There are 4 protein chains.
Amino acid sequence: MIFASDNWSGAAPEIAAALANHTPGFRAAYGTSDLDASVEKQFCDFFEADVSVFMVATGTAANSLALAASCKPGAIAFCHSEAHMVEDECGAPEFLSSGGRLIRVSGELGKINRDSLLMEIAGYPSSFNHRGRSAMVSVTQITEVGASYSCEEISTIASIAHENDMQVHMDGARFANALANLGVSPAKMTWKSGVDLLSFGGTKNGCWCAETLIVFNKDLASELPFLRKRSGHLFSKNRFVSAQFEAYLSDNLWLELANHSNSMGQRLRDGVCDAGKARLAWETHANMTFIIAKRSVADSMMEQGARFYEIRTPRSFDGVLDDDEKIYRLVASFATTADDVDEFLELIQ
Amino acid sequence: MIFASDNWSGAAPEIAAALANHTPGFRAAYGTSDLDASVEKQFCDFFEADVSVFMVATGTAANSLALAASCKPGAIAFCHSEAHMVEDECGAPEFLSSGGRLIRVSGELGKINRDSLLMEIAGYPSSFNHRGRSAMVSVTQITEVGASYSCEEISTIASIAHENDMQVHMDGARFANALANLGVSPAKMTWKSGVDLLSFGGTKNGCWCAETLIVFNKDLASELPFLRKRSGHLFSKNRFVSAQFEAYLSDNLWLELANHSNSMGQRLRDGVCDAGKARLAWETHANMTFIIAKRSVADSMMEQGARFYEIRTPRSFDGVLDDDEKIYRLVASFATTADDVDEFLELIQ
Amino acid sequence: MIFASDNWSGAAPEIAAALANHTPGFRAAYGTSDLDASVEKQFCDFFEADVSVFMVATGTAANSLALAASCKPGAIAFCHSEAHMVEDECGAPEFLSSGGRLIRVSGELGKINRDSLLMEIAGYPSSFNHRGRSAMVSVTQITEVGASYSCEEISTIASIAHENDMQVHMDGARFANALANLGVSPAKMTWKSGVDLLSFGGTKNGCWCAETLIVFNKDLASELPFLRKRSGHLFSKNRFVSAQFEAYLSDNLWLELANHSNSMGQRLRDGVCDAGKARLAWETHANMTFIIAKRSVADSMMEQGARFYEIRTPRSFDGVLDDDEKIYRLVASFATTADDVDEFLELIQ
Amino acid sequence: MIFASDNWSGAAPEIAAALANHTPGFRAAYGTSDLDASVEKQFCDFFEADVSVFMVATGTAANSLALAASCKPGAIAFCHSEAHMVEDECGAPEFLSSGGRLIRVSGELGKINRDSLLMEIAGYPSSFNHRGRSAMVSVTQITEVGASYSCEEISTIASIAHENDMQVHMDGARFANALANLGVSPAKMTWKSGVDLLSFGGTKNGCWCAETLIVFNKDLASELPFLRKRSGHLFSKNRFVSAQFEAYLSDNLWLELANHSNSMGQRLRDGVCDAGKARLAWETHANMTFIIAKRSVADSMMEQGARFYEIRTPRSFDGVLDDDEKIYRLVASFATTADDVDEFLELIQ
């Protein structure tokens, strides 16, 4: 009954097999091997576009280097108030972009609200360099509170960004879950909707370390080889990250894994609706579920082996909490079983 | 006949098995799992000391964060003129230490010469902050040109460093090869000889991505959790790096692998001594061999499938090169076979 | 009728005389002259404490180096949502502190609200390094919207900061105006109220370039010589900054100048109260006045030679604006004359 | 008898008068006033070119921002081994350029040797991003040891730089002394010889704080408004720096002051040639003189009121020093009088 985070899961058997398969033999280092080239080609096919691929160690690195990519001193990036970049990355975006600044934008369900974005952007007129300059809008897909942007919503944000001479970044730590949920193509959810750079996360969905920055807008790719190396993120045996992606992108493994974790999320939500000791905090559609329960209930469940985290109440939450109630996050992963879910649900009946 | 670099090799079977073994199941993320704790314990046993362990993505990150660890603005680090830090890390030490400066010190065989070090240090009196301040001496063990510091040599450097209020860092990208060569304990070659921080590299010796910064001097460990996170180097599924080290540190696997690669290096050197078309550039003792050959000879060998790199002539080289001769580096690894070596040697007979 | 900013004014005659007085002669460079030492002594007397004095080029540099002083990677600084640091310094605090992050705290009249601060701090528990770590609270005295913190209010903020192991910084760009308004001693408004570092601004109050970082807590002073030099802020002829402060701190010149600008501010406010075409936006007490007027009125005044800026409506503003009304900022300075004010007031009658 | 440095001098009377002249009145802040615009025009006339002008607090800031201007992560800058950038700026170039690296190039008299430069550049092939990338060559004019590059020498260096896609920077802390010495136009010694950016120093030559980065190549100017602001180097009352330059550039004041200090330097050299207790270390042509003397002689002179510094023996020095001999630097300035010189010379007769 581990619902703490999808990064508590291990690796999918197919990913492990791919690593094992590429274990022997010699290959050129630093991402210059045939395998690396072939996986880059897979990414191009996946996205139906000539993309640039920069594998890095973590999603934090991918997000931060996305902001650094434009090499704009005084860069201002707009992201949702609850975005991972601004909540959980210990200053990495600011540091790796040499002083970029993150501006929080409000919106329901972790999604940047169009009007709030316009209002914040208005505070950074290009004529006034004291405030810095608008450089990037970052959307998180799946959001931190479990919602998906529709492609139309992404397009709306992207249009505003481009009209203001900004790049559009997507933090895709749960990219596959979003695709599985929306049922659209990777191309549709990214560059066709205006996304310029994507932090493509494989780790949470069954890889053990497979994060890469995908660049759709070639203008933004030129400095990244140096930015990556300068921050210590160029793996010598990059082939082993490529090996994971080789399997991940083949035979729709990414989709299969995401469909599973999303369906486990749905099973949780369905069960919670009928539960006596907890209720859904808000509607979500992919692998994350947020419930409201008394702390005593949660504590008791943890004592019985369930693992999950309490979260701070989002600013946009407009429900009502009793004094002793808290909001808890439950994350299903590719490794979650129906039995795990059912066992958990029994505890809250 | 791949002698390009030890990071062209894959992973040792035992490492692959350990990864496979830890593939399933759930574990706490970000280095907080039982496995991570147990591997940290292994490191303490390995070094016979209460060390702090900070796993990161690359040796460049480990080296750079070692310089950053002291949080001394205006830091000056002394390293050999041919050290990886100052030759091959694209400004990462400067960037990740927020403006540290590397000073090149000369010395034979890639080893910092005691007198040269004293002369350079004298240029940075503590009373004159315009020049920055002496913060670190970094020794590379095995050096970039294949030599080992003896423990006495390390102690000598370390004493000078400590007398000048500096920390001592060891770039141990080929740490196991050095231990195998010297036949001393890990404790002896590090903290007992005055080393404060160590970039402990497992990648070149049979892991696929296993680099960690080991801190012997606890005073230098306090900021590293933040420095690592701020540069995007805290793996979410850190367990999989730990899994590699679990195997690597067990049953002397590290030593077995290093002994093998060193012996392959020796086999190469023995063979080159008898060769007609090449000669040893200088004496080395571990897994790296440097030969002098005509470019036409080297080209011909590469055409026949051998892979190795020409290097720039080290400043301390005092031999003589004919006009068409160059120096080439040959690196054996855990995966090099005697057949690889013999096939290569045939080409230069 | 220049009310655009107090930094549009020139230099006070006494400041100019001091510069002229120290024009000839030779003196040791880089802040090591007798004059520099003597002015540091003046600062100690002024603050009734053994303070460290770091003169820099701008208030932005002073604010940013204050955050950098603690050398805490992943530093989180709390400041008011409208603070200069977070609104107008183009990423300098983030850059010069190597990735520090500013968190906006709400509160009326530009003052950090105690409860809001507690709520924000609660989001950064020391046990969770992903979010960074609480390092500094910065109060702006006079606030950006013209209000003063009382010493009690500063103490309250400072106590919270210290309880959470944070340093307290005061952005004193208008430090003298605040002292003049409150009628308290420099010591009382700073270290006696818990302030650890102060950006002491002389420029806006009659110097031409005289900004210095004053450190009350000696623990925070050790790195500043290097931090200042590393950012290019150590003047070679520092004596000329010292010369300005020599005059500024003598014979209560600072107070005289601030009293004048504050009284000109009061004259403006008194006049606006009786005005037909504008009204006070909120109550202020020092040299800044905020009025609400129709844009057509403001435009007409500017055509007649008045200079002042429209500001964005502060989030905490709870008044009502008609559709064509805007809020305008009027700043009096030591150089403002009663005639300037009266001429301006005539325009809005 | 102050020959410690030209930055120990005060301000020239004309500079002081200009400051006094602009003391009263209101002007737009942050470099946007009429005076600022008019001085920028003066610089264009001075250089016979449409230059961009970025005033900053110090030469260190100007040098460092010059390296930052190209916004090339992984930037490598080549400068002379004795250049101020690499010897005396406490990591500011590395820090303000976010990790740029300085490579020392040898050469006599502080001048970059063409062949040494070519050899060093060869170490940074554009195909190998691990080493960073060649970004800038910086020449110091007057060099740290008192010599001038001829315009032909500058052109030679600049051609090499441009052929390798690098920008050319001139550290002109003693720019006027060089012009006075060579007798060429500012245009000739800069952009006509291939210089792209110039740290134009007025401070050492009679201003009290007047340093500016002059950009000849407009491509390099686009990011500087943000780079300057982000490092806290945009003066609010920039008008007062402009005021100094207004006088400095008028009526050839810069040249008059430099001619004087150069002639005082010559008087020193002429005198030392006939001295009994010291001899010239090497030939110089502007305001700096280097002498060899016994330490006891130097100590005795200092006791009698002379002020000057011992320097470290330059690597390129090929003379012979007796055991108790040292090299001392003597710097004349605009404020040095013939009496100062003669009094000094008497001491060494």
With each run of n ≥ 4 DSSP H residues scored as -39500 (n - 2.57), what mean residue ellipticity at 222 nm is computed for the protein assembly as shown after dividing by its residue count and rounding to the nearest 500 deg cm²/dmol? -11000 deg cm²/dmol
Compute for the protein assembly as shown: radius of gyration divided by Kirkwood radius, i.e. Rg/Rh, restricted to C-alpha atoms, rounded to two decimals. 0.98
Answer rounded, prolate or oblate for the stretch D:145-278, using the Cα gyration tensor with square roots of eigenvalues a ≥ b ≥ c: rounded when a/c is under 1.5, else prolate when a/b is larger than b/c, else oblate. oblate
Rounded, prolate or oblate: which fits the stretch C:13-253, taking a ≥ b ≥ c as square roots of the Cα gyration tensor eigenvalues, rounded meaning a/c under 1.5, else prolate when a/b beats b/c? prolate
Within straight cross-link reach of D:Lys326, meaning Cα distance under 13 Å, which aspartates and glutamates are found once same-chain residues fewer than 8 apart are removed? D:Asp299, D:Glu310
Loop only per DSSP, at most 15 neighbouring Cβ atoms within 10 Å: give me the GluC sites (Glu not before Pro) in the stretch B:1-83, ordered by residue number. B:Glu48
Mind checking which helices in chain A clear 27 Å along their axis (Cα) and have mean Kyte-Doolittle hydropathy of -0.5 or more, DSSP H runs only? A:253-273
Amide H of D:Met55 versus every other amide H placed in the peptide plane: which residues, excluding those fewer than 5 positions away on the same chain, fall under 5 Å? D:Leu213
Which whole-angstrom value gives the distance between the alpha carbon centres of the stretch A:221-266 and the stretch C:195-244? 48 Å
Mind checking which of B:Gly265, B:Gly132, B:Gly25 has the largest fluctuation in a GNM of chain B, springs on alpha carbons under 10 Å? B:Gly25
Inter-copy separations for C:Lys41, label at 7 Å along Cα-Cβ, nm, ascending: 4.8, 6.3, 7.9
Mind checking the dipole of the stretch C:258-348: about its Cα centre, +1 per Lys or Arg Cβ, -1 per Asp or Glu Cβ, Debye to the nearest 20? 360 debye
Integer Hz, Karplus 6.51/-1.76/1.60 couplings in order for the stretch A:125-138, x for Gly and Pro: x, 5, 7, 10, 6, 4, 8, x, 9, 4, 10, 7, 10, 10
Report the calculated FRET efficiency for D:Cys273 and C:Arg312 (r = Cβ-Cβ distance, R0 = 41 Å), to the nearest 0.05. 0.05
Among all the lysines, which ones have a C-alpha under 19 Å from A:Lys237's C-alpha, if same-chain residues fewer than 8 places away are not counted? A:Lys41, A:Lys229, B:Lys204, B:Lys237
Of all the residues in chain C, which one has the C-beta that comes nearest the axis relating C to D, and what is the distance in Å? C:Ala57, 2
Kindly give the distances from C:Ser116 to its copy-mates, label point to label point, with each label point 7 Å from Cα along Cα→Cβ, as nm values to one decimal ordered shortest first. 1.6, 5.8, 5.9
Across the identical copies, how the B:Ser185 labels are spaced - nm, sorted shortest first, 7 Å along Cα→Cβ: 6.1, 6.4, 7.6
For B:Asp219 and D:Thr32, extending 7 Å from Cα along the Cα-Cβ vector and measuring point to point gives, in nm, a value of 5.0 nm
On alpha-carbon atoms, Rg over Rh for the stretch A:258-348 using Kirkwood Rh? 0.94
Cα gyration tensor, the stretch C:62-125 - rounded (a/c under 1.5), prolate or oblate: oblate
Isolated cysteines for chain A, Cβ-Cβ cutoff 4.7 Å, are A:Cys44, A:Cys79, A:Cys90, A:Cys151, A:Cys207, A:Cys209, A:Cys273
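No lab work stands behind these numbers, since they all come straight from the coordinates. No experiment lies behind these values; they were computed from the predicted model shown. Cβ: placed from backbone, ideal geometry, glycine included. Neighbour counts: every protein chain shown.
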